[in-house]
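Participant: I'd like to ask some things about the structure below.
The values are calculated or read from the model by the stated rules, or taken from the named source; none is laboratory data. From a predicted model like this one, the values you see are computed outputs, not experimental measurements. Counting neighbours? That spans all protein chains shown, and the Cβs are built from the backbone with ideal geometry, glycine included.
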Amino acid sequence: MLDQKKTVISGIRATGKLHLGNYLGVMRNFANLSLDETKRCYFFVANLHTITTNIDPQSIRHDLREIVLDYISVGVDPERAVIFAQSSVPETSELMWILNCFTTVAELERMPHFKEKRGKLEEKEIVNSGLLTYPILMAADILGPNADLVPVGEDQHPHVELTRSLAKRFNNIFGKTFVIPDILSSEVVRVPGLDGTAKMGKSDKNTIDLSDSPDIVSQKVFKSVTDIRRKRRSDPGDPTCCNIYTMHTIMSNGDEIRYVHDNCRSAGIGCIDCKEILIQNINNILFPIQQKRFELTRQGYEFVDEILHEGGIVARNKIAPKVEEVKEKIGVPSY
Ligand code: AMP
């Protein structure tokens, strides 16, 4: 019987600790998806994407296993979802090469992610071509397993749009080959940085990590930037230009959001009062995740390696036939 389940795929780069942006942007969805009987989920660690910005073998290996622990700590069921390392499926890189030849340089240069990353590099640093072709590897990650649905954060949406264009382009020339994937987002959440920037990001040192203790969360939030024009406690603030308020809108309940909004505007409360409420809510989110992780960590890495091994086999079995079909169609089969 044909498998009627929708295929879901998403990945996270192996670049250090995961943060609230990763969790609220995508990972909290992963747990529910993995339990949904109508879906077959593939969650991978994008360790090949990692090497666009970091080639430190020890840290990549370490972060890979830590991210598997994070997947399980946030509630992904490893018995139901396939958890694997991107590097376990060499056919994905082969597909990427083929998709490269269907993509224009202009399309890649337009990607906001590339512009942002290039902008952040120091003048002396070299822009490696992996940073430019990053979205094509992502397209191969998605098209290889015939994914129907891709749960990714808002920052990755342009990459999924490019993936859809590439799939249509290929299908138009060679006949129906790829499924056209859809973005799966229950609600679009972009968690801002503690430094006042629009996005919390691993490389920006502006994060609350999933592993941060209540003390660290307090320290980080108390130090974080608010409405810079509010200098004194008695000055009315403007919540619309305060990242702490934006975080409230994501992590606090309706009454709290109204309370901090109105009392910030009227100077009824100060930034410290507002931050105290947020700190409590962040810790309530983090506590169950940290508890689960603590239990898992006691088991050591052996079971993580087993999950990666099994997951790698299942993912490869799913992806390799599609890549062979593509190679056949374009006249470069394996002989
Ligand atoms: P990355 O850490 O860049 O590999 O991102 C992993 C996933 O987390 C991607 O789907 C991102 O879109 C999502 N993500 C990363 N940072 C944020 C953020 N600050 N807010 C919302 N989603 C995010």
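Participant: Going residue by residue through the stretch 196-216, is there one that turns out to be in a loop (DSSP other than H, G, I, E, B) and over 20 Å from Tyr23 (Cβ atoms)?
Facilitator: Yes: the stretch 196-216 contains one or more residues that are in a loop (DSSP other than H, G, I, E, B) and over 20 Å from Tyr23 (Cβ atoms).
Participant: Before we move on, is Gly119 more than 13 Å from the ligand (Cβ to nearest atom) and on the phi < 0 side of the Ramachandran plot?
Facilitator: Against the criterion (more than 13 Å from the ligand (Cβ to nearest atom) and on the phi < 0 side of the Ramachandran plot), Gly119 qualifies.
Participant: Additional query: Report, by residue number, each residue of the stretch 55-76 that is touching a helix residue (DSSP H, G or I) at 6+ places or on another chain (Cβ under 8 Å) and farther than 19 Å from Tyr301 by Cβ.
Facilitator: Gly75
Participant: Starting from the stretch 224-253, take each residue that is not assigned by TED's automatic domain parsing to the domain that holds Gly21 and list its partners that are in a loop (DSSP other than H, G, I, E, B) and basic (Lys, Arg), counting only C-beta distances under 6 angstrom and pairs at least six apart or across chains.
Facilitator: So the pair list comes out as Gly237/Arg230.
Participant: Ile126: hydrophobic (A, V, I, L, M, F, W, C) and under 18 Å from the mean Cα position of the chain (by Cα), yes or no?
Facilitator: no
Participant: Something else: Checking Gly237 against (1) touching a Leu at 6+ places or on another chain (Cβ under 9 Å); (2) modelled with pLDDT under 95, only one condition comes out false. Which one?
Facilitator: (1)
Participant: Ok, one more. Ser87 fails exactly one of the following numbered conditions: (1) farther than 24 Å from Val189 by Cα; (2) away from the ligand (no atom under 16 Å from the Cβ); (3) buried (at least 18 other Cβ atoms within 10 Å of the Cβ). What is the number of that condition?
Facilitator: Failed condition: (2).
Participant: Here's another thing I want to ask about it. Collect the residues in the stretch 203-217 that are within 11 Å of the ligand (Cβ to nearest atom) and either touching a Pro at 6+ places or on another chain (Cβ under 9 Å) or closer than 17 Å to Leu286 by Cβ (or both), keeping them in residue-number order.
Facilitator: If the condition is that a residue be within 11 Å of the ligand (Cβ to nearest atom) and either touching a Pro at 6+ places or on another chain (Cβ under 9 Å) or closer than 17 Å to Leu286 by Cβ (or both), then Asn206, Thr207, Ile208 are the ones that fit.
Participant: Could you grab me the full set of residues in the stretch 19-47 that are among the hydrophobic types (A, V, I, L, M, F, W, C) and within 12 Å of the ligand (Cβ to nearest atom)?
Facilitator: Leu20, Leu24, Val26, Met27, Phe30, Phe43, Phe44, Val45, Ala46
Participant: Restricting attention to the stretch 106-125, report how many residues are at pLDDT 80 or above and outside any helix (DSSP H, G or I).
Facilitator: Qualifying residue count for the region: 2.
Participant: Sticking with this one: For the stretch 140-178, which positions are away from the ligand (no atom under 16 Å from the Cβ), outside any loop (DSSP other than H, G, I, E, B) and polar (S, T, N, Q)?
Facilitator: Within the stretch 140-178, Ser165, Asn171, Asn172 meet the criteria.
Participant: Of everything in the stretch 11-25, what is closer than 15 Å to Val217 by Cβ and part of a helix (DSSP H, G or I)? Give them in sequence order.
Facilitator: The answer is Leu20, Gly21, Tyr23, Leu24.
Participant: Please go through the stretch 1-22 and pick out each residue that is of a type in the set (Ser, Thr, Tyr) and modelled with pLDDT under 95.
Facilitator: Within the stretch 1-22, Thr15 is the sole residue that qualifies.
Participant: So, in the stretch 266-300, of the ones that are without any contact (Cβ under 8 Å) to a residue 24 or more places away in the chain, of a type outside the set (Phe, Trp, Tyr) and in a helix (DSSP H, G or I), which residue ends up farthest from Val74 (Cα to Cα)?
Facilitator: Asp273
Participant: So the check is Cβ under 7 Å with 6+ separation or different chains; which pairs have a first residue in the stretch 61-86 that's basic (Lys, Arg) and a second one that's crowded, with 19+ Cβ neighbours inside 10 Å?
Facilitator: Arg65/Val304; Arg80/Ser34
Participant: I would also like to ask the following. Just for the stretch 186-198: of the residues that are surrounded by 15 or more Cβ atoms within 10 Å (Cβ to Cβ) and near the ligand (Cβ under 10 Å from one of its atoms), which one is modelled with the lowest pLDDT?
Facilitator: Only one residue tops the list, namely Val189.
Participant: Quick one: in the stretch 4-18, of everything that is of a type outside the set (S, T, N, Q) and within 18 Å of Asp141 (Cβ to Cβ), which residue is farthest from the ligand (Cβ to nearest atom)?
Facilitator: Restricting to residues being of a type outside the set (S, T, N, Q) and within 18 Å of Asp141 (Cβ to Cβ), the top hit is Lys6.
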